[in-house]
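Trainee: I have a structure here, written as structure tokens, and I will follow up with some questions on it.
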Amino acid sequence: SKVEKKSKREKKPVEEQVEEIEEEEVAVAEPSAKKKKVKSEAPATTEEIPPTVPSTVNGIFSDEKFSALPISDCLKEALLKMKFDKMTQIQAKSIPECLAGSDLVGAA
């Protein structure tokens, strides 16, 4: 049961907990898929970073990159480590305005 799984996870290192959660998500998304444990190191450069978003939602992304924003290098590196390269259309329109000091209200 979910309660039992949760208590087992709490006793394991965070890395193992993350792997288990990812495996469960794959099993839910693709019930016929076999569970595999895949360990990989993070790519060193942006050219090696595979897309993390399915191609069916590419229409939400803009051509604007987070690296073009007037933010700290530390923040840019963190975004890159998390594989955030291009902004969505709403991010490209709203983040520069917020950085300029404007108030923002967004609605879906």
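Read-outs throughout are calculated quantities, based only on the coordinates presented, and are distinct from any laboratory measurement. As the structure is a computational prediction, the values presented were derived from the model and not from experiment. Counting neighbours? That spans all protein chains shown, and the Cβs are built from the backbone with ideal geometry, glycine included.
Trainee: Just grab the label-to-label distance for Glu23 and Ala108, each label 7 Å out from Cα along the Cβ direction, in nm (one decimal).
Mentor: 3.1 nm
Trainee: In nm, what is the difference between 0.36 nm times the number of residues separating Cys98 and Ser67 and their Cα-Cα distance? Each step should come with its number before you reach the end.
Mentor: Numbers: separation 31, 0.36 × 31 = 11.16 nm, distance 1.62 nm.
Fully extending the segment from Cys98 to Ser67 adds 9.5 nm.
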